[in-house]
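S.K.: Quick one: the structure is below, and I'll ask about it shortly.
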Amino acid sequence: MLITYYHVDAFTDRLFSGNPAGVCPLEHWLPDEILQYIAAENNLSETAFFIPQGEVFHLRWFTPTIEVDLCGHATLAASHVLFSELGYKSSAICFQTLSGQLIVTRSDDTMEMDFPARPPLPCAPPENLVNGLGAAPVEVLKARDYFAVFESETQVASLKPDMALLAQLDCLGIIVTAPGKSADFVSRFFAPAAGIAEDPVTGSSHCSLIPFWSRRLNKTRLFARQISKRGGVLFCRDLGERVGIGGQAVLYSRAELTVPA
């Protein structure tokens, strides 16, 4: 069986930056085992799979090792494929996902995802978090992920985490963040327990970052940078129980995958 495959760099307007995602449009679901094998073979932080279901698309995301409940950059990548490669005409796409209904709208060359807000709540810092990061944050909170706040962008950029220790934490990933020099805030995201050491740009982490920094900075529109090696930019809006996460994407390659029928 041949499957069309797209490799898209998300949260960037230029190749070789942002976060690369695999996108596989399907006519029907393949066995979960095959989807996981494809994601592992692609060896990107996420591969997105979607099928049409009436007026909506059913969307799923897999890391090289697990299926996840929410992924921003692969949703942006899947939207880019639908808009730019598959001729989707409407300005809005409705995805049905493990996190409910997600709407992505396009305006010029920017797409905005309407995602659920996940405000982090203060918590006691686990020993493996502080030791794993190699530095003590000024605040520790948690939503789906641990959320470590530092004083400066320089501190966040200089972290050299111990992934073996971070992988022992009871969470999908670890967000580290601080006020930005050329952005309202910056962040990095580590998810070794999900098979991802450092994710280049993470949409889902901004479900927690946006409400936190919106309240801290007293503004509902924010500009964010994820300061991984590849780097990426996000245009953010605090919508109360939802967040708007905007970005651009560029196609790197089209291919065909050969998988068992």
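S.K.: Collect the residues in the stretch 180-212 that are surrounded by fewer than 20 Cβ atoms within 10 Å (Cβ to Cβ) and closer than 22 Å to LEU239 by Cβ, keeping them in residue-number order.
M.R.: GLY180, ALA183, ASP184, listed by residue number.
S.K.: Pick out the one residue from ARG225, ARG237, ARG215, ARG230 that is in contact with a strand residue (DSSP E or B) (Cβ under 6 Å, 6 or more places away or on another chain) and surrounded by fewer than 20 Cβ atoms within 10 Å (Cβ to Cβ).
M.R.: It is ARG237.
S.K.: Let me ask something else. Does LEU59 satisfy the condition of being buried (at least 19 other Cβ atoms within 10 Å of the Cβ) and without any contact (Cβ under 8 Å) to a residue 60 or more places away in the chain? Even if it seems obvious, please write down each step before you answer.
M.R.: Working: buried (at least 19 other Cβ atoms within 10 Å of the Cβ): yes; without any contact (Cβ under 8 Å) to a residue 60 or more places away in the chain: yes.
Yes: the conditions hold for LEU59.
S.K.: Moving on. Having 1 or more residues that are closer than 15 Å to ASN19 by Cβ and at pLDDT below 95 is the bar; report the strands (runs of 3 or more DSSP E) wholly within the stretch 159-261 that clear it. Walk me through how you get there before you give the answer.
M.R.: Values: elements: 174-179, 185-191, 196-199, 221-226, 232-238, 242-247, 249-258.
The qualifying strands (runs of 3 or more DSSP E) are 196-199.
S.K.: State yes or no: is SER204 within 17 Å of PRO116 (Cβ to Cβ) and not assigned by TED's automatic domain parsing to the domain that holds GLY22? If you could, list the steps in order and put the result at the bottom.
M.R.: Numbers: within 17 Å of PRO116 (Cβ to Cβ): yes; not assigned by TED's automatic domain parsing to the domain that holds GLY22: yes.
Yes.
The values are calculated or read from the model by the stated rules, or taken from the named source; none is laboratory data. Every value quoted in this text rests on a predicted model; they were computed, and no experiment measured them. Note that we place each Cβ from the backbone using ideal geometry, even for glycine, and neighbour counts take in every protein chain shown.
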